[in-house]
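Notes to accompany the following structure.
The values are calculated or read from the model by the stated rules, or taken from the named source; none is laboratory data. Since the model is a prediction, treat every value here as computed from it, not as a measurement. Don't worry about glycine lacking a Cβ; one is built from the backbone with ideal geometry, like all the others, and counts go over all protein chains shown. To get the accessible areas, we keep the full protein, side chains included, count just its heavy atoms, and leave off ligands, DNA and RNA. Shrake-Rupley method; radii C 1.70, N 1.55, O 1.52, S 1.80 Å.
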Amino acid sequence: LADDCVGQKAGGQALVGGLDCTVCRNYFGAQVSSFELPLEGFPDAAPAVFIRAPAILKRGPNCEALASVTSAPSRDAAPHIEAFEPAKKKRKGASAGEREVCVAARQGHILATSFHPELTSDSRW
């Protein structure tokens, strides 16, 4: 749903677009790196299951962040993050460190999540 993507393979899947944001594919790692964590900022922490999940790195003015987490990018995503945000690179050869990234956003009638809400019994999403 993103309008732009970093870390996409050359000749890879075309973007659908419609959400004014830039994402990093597989920010959290490959499928074997899947995990679940509670999203803070809700009356009760909302469970979120991340499987080969992207992260929203940049949002346009009409794209509202609904949830975020603090995490370092996966080893494979780190070079793409460093190229996208070179000012955050601390030293030569250093991987990108932890940062707050958006994992749920809304723009008009479009809702996008980096996690799989359908894999939990929580109906808030």
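Might you check whether a residue that is assigned to a strand (DSSP E or B), closer than 30 Å to SER123 by Cβ, touching a residue at least 40 places away in the same chain (Cβ under 8 Å) and among the small types (Gly, Ala, Ser) occurs anywhere in segment 68-82?
Just the residues of segment 68-82 that are assigned to a strand (DSSP E or B), to begin with: 68-71.
Those still in the list that are closer than 30 Å to SER123 by Cβ too: 68-71.
Still in the running and touching a residue at least 40 places away in the same chain (Cβ under 8 Å): 71.
If we keep only those that are among the small types (Gly, Ala, Ser) too, we end up with 71.
Yes.
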Find the residue count for segment 41-82, including only residues that are open to solvent by 80 Å² or more (accessible area, probe 1.4 Å) and under 15 Å from GLY7 (Cβ atoms).
4
Check GLN107 against each of (1) at pLDDT 90 or above; (2) closer than 17 Å to CYS24 by Cα and name the one condition it does not meet.
(2)
Residues in segment 13-22: is at least one closer than 26 Å to ARG124 by Cβ, touching a helix residue (DSSP H, G or I) at 6+ places or on another chain (Cβ under 9 Å), surrounded by 14 or more Cβ atoms within 10 Å (Cβ to Cβ) and not aromatic (Phe, Trp, Tyr)?
yes
Which listed residue is over 21 Å from GLU64 (Cα atoms) and in contact with a strand residue (DSSP E or B) (Cβ under 8 Å, 6 or more places away or on another chain), from GLY41, GLY17, GLY7:
GLY7
